[in-house]
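**Student:** Below is a structure I'd like to ask you about.
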Amino acid sequence: MSLQLFGHPFSSYTWKALIPLYANGTDFEFRAITPGDEEEAKFFRRVHPANKFPVLVDGDTTIIEATSIVEYLALHHPGPAPLIPSDPEIALTTRMMDRVFDNYVMGNMQRVVAAYFVDRDDPAGKGLRDQPDPAEVEAGKARLRQAYAWLESWLSENELPPHVSLVTCAAAPSLFYADWIERIPDDCPRLRGLHAELLALPPVVRCVEDARPYRAYFPPGAPDRD
Ligand SMILES: N[C@@H](CCC(=O)N[C@@H](CS)C(=O)NCC(=O)O)C(=O)O
């Protein structure tokens with residue numbers, strides 16, 4: 001099969017690429033990464049400047065970065081889901097909010113998770129710290145609360161594009177894992193509503209279920225819910 005997605009079922013950015021594929025019923029092969037596989041590590045070093053996934057391969061074309069993967073799918077493998085809305089103004093909002101969810105929700109969620117890992121360049125290698133740096137954890141959580149408050153205010157005056165768009169693909173995994181790190185508070189009812197709405201979408205349900213066996217590997221500890 002020419003369309004292949006490399007990633008991991010528990011990875012938030014992999015969900016971001018899987019959601020549009022599932023939403024459009026696109027035929028593809030999922031290539032789950034195997035930690036410790038040297039051939040695979042060589043592949044990621046070659047195709048990505050920071051060895052990150054997801055990576056989409058379509059015949060001779062390789063696309064990296066989840067947002068670009070969604071843009072590529074919208075262009076080359078379109079389906080019923082309006083990944084990039086056709087109205088240019090709505091498309092602009094879609095792209096802007098994709099950046100907001102990636103940079104300020106996903107980014108701060110990943111910041112807290114990263115605090116639990118030994119630096120990947122450390123000679124001791126990858127692995128979990130005995131204790132994460134509490135200042136780093138609190139900084140990430142504070143930034144998440146700031147992002148939640150901003151999103152709540154934005155949602156009071158604006159509407160997101162219809163699902164499943166690029167924003168859906170960014171918002172669903174970022175809010176899912178961020179809520180595990182720092183619960184979306186009761187005084188953000190619109191954002192809590194969006195979180196619930198996203199988790200009920202069939203492509204998102206599929207990602208959540210496929211990731212369920214890996215929950216024990218969430219370094220800060222997965223809550224007993226969702
Ligand atoms: N900016 C990248 C971020 C991707 C990313 O952070 N991927 C994580 C998994 S969710 C990863 O590859 N982690 C492994 C590593 O950094 O070695 C994107 O949008 O695709």
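Rule-based calculations on the coordinates, nothing more; no lab input. No experiment lies behind these values; they were computed from the predicted model shown. Quick reminder, even Gly has a Cβ in these numbers, built from the backbone with ideal geometry, and neighbours come from all protein chains shown.
**Student:** Would you kindly derive the ³J(HN,Hα) couplings of segment 215-225 from the backbone phi angles with the Karplus curve 6.51 cos²θ - 1.76 cosθ + 1.60 (θ = phi - 60°), listing them in order in whole Hz, with x for Gly and Pro?
**Tutor:** Rounded to whole hertz, the list is 4, 5, 8, 6, x, x, x, 7, x, 8, 7.
**Student:** Give me His48, His195 ranked fewest to most by other Cβ atoms within 10 Å of their Cβ, as a rough exposure proxy.
**Tutor:** Least to most surrounded, the residues fall as His48, His195.
**Student:** Ordered by packing density, taken as the mean number of other Cβ atoms within 10 Å over each peptide's residues, highest first, how do 216-224, 137-145, 26-34 rank?
**Tutor:** Packing order, densest peptide first, comes out as 137-145, 26-34, 216-224.
**Student:** Still on this structure: Out of Tyr116, Tyr13, Tyr148, any idea which swings most in a Gaussian network model of the chain, alpha carbons joined below 10 Å?
**Tutor:** Between Tyr116, Tyr13, Tyr148, it is Tyr116 that shows the largest mean-square fluctuation.
**Student:** Around Leu73, what is the net charge, scoring Lys/Arg as +1 and Asp/Glu as -1 over all other residues with Cβ under 13 Å from its Cβ?
**Tutor:** Value of the local net charge: -3.
**Student:** If amide H atoms are built 1.01 Å from N in the plane of the peptide, which residues on other chains or at least 5 residues away come under 5 Å of the amide H of Lys52?
**Tutor:** Distant-sequence amide H within range of Lys52: zero hits.
**Student:** With a 10 Å Cβ neighbour count serving as the proxy for reagent exposure, in which order, fewest first, do Leu160, Leu175 appear?
**Tutor:** Final ranking by Cβ density, sparse to dense: Leu160, Leu175.
**Student:** So what J values fall out for segment 9-21 if you push phi through Karplus, 6.51 cos²θ - 1.76 cosθ + 1.60 with θ = phi - 60°, rounded to Hz, Gly and Pro as x?
**Tutor:** x, 9, 8, 4, 6, 5, 4, 4, 8, 6, 4, x, 5
**Student:** Counting DSSP beta bridges with both partners in the chain, what percentage is antiparallel, nearest 5?
**Tutor:** 70 percent
**Student:** Could you pull out every residue, at least 5 positions away or on a different chain, whose amide H is within less than 5 Å of the one on Phe117? Hs are placed 1.01 Å off N in the peptide plane, and Pro or chain starts have none.
**Tutor:** Amide H to amide H, under 5 Å and 5 or more residues apart or across chains, Phe117 pairs with Arg129.
**Student:** Please report the relative contact order for the chain, taking Cα pairs under 8 Å with a sequence separation of at least 6, and give it as a percent rounded to a whole number.
**Tutor:** RCO, the chain: 24 percent.
**Student:** Using only C-alpha atoms and all pairs of different ones, pull out the Kirkwood radius for segment 182-226 in Å with one decimal.
**Tutor:** The Cα-based Kirkwood calculation yields 12.0 Å.
**Student:** For the ranges 105-115, 75-85, 14-24, what's the packing order if you count other beta-carbon atoms within 10 Å of each residue, average per peptide, and put the highest first?
**Tutor:** 14-24, 105-115, 75-85
**Student:** Taking square-rooted eigenvalues a ≥ b ≥ c of the alpha carbon gyration tensor, is segment 13-120 rounded, prolate or oblate, where a/c under 1.5 means rounded and, failing that, a/b exceeding b/c means prolate?
**Tutor:** Verdict is oblate for segment 13-120.
**Student:** Which whole-Hz ³J(HN,Hα) couplings does segment 70-78 yield from phi under the Karplus relation 6.51 cos²θ - 1.76 cosθ + 1.60, θ = phi - 60°, glycine and proline marked x?
**Tutor:** My calculation for segment 70-78 gives 5, 4, 5, 5, 4, 7, 9, 9, x Hz in order.
**Student:** Separate question: Just add up the charged neighbours of Leu191: K/R +1, D/E -1, any other residue whose Cβ is under 13 Å from the Cβ of Leu191.
**Tutor:** -2
**Student:** Hey, another quick one. Can you put Tyr72, Tyr177 in order of Cβ neighbours within 10 angstrom, beginning with the fewest?
**Tutor:** Going from least to most buried by this count: Tyr72, Tyr177.
**Student:** Still on this model: Please state the shape class of segment 149-226: rounded when a/c is under 1.5, otherwise prolate if a/b exceeds b/c and oblate if not, all from the C-alpha gyration tensor.
**Tutor:** oblate
**Student:** For a test of the definition: using alpha carbon positions, the gyration tensor, and the 1.5 limit on a/c, classify the chain as rounded, prolate or oblate.
**Tutor:** Oblate, since a/c reaches 1.5 and b/c is not below a/b.
**Student:** I've got another one for you. Take the chain, connect every pair of alpha-carbon atoms lying under 10 Å apart with a spring to form a Gaussian network, then pick out the residue of Glu152, Glu209, Glu38 with the largest mean-square fluctuation.
**Tutor:** Maximum fluctuation in the GNM of the chain, among the listed residues, is at Glu38.
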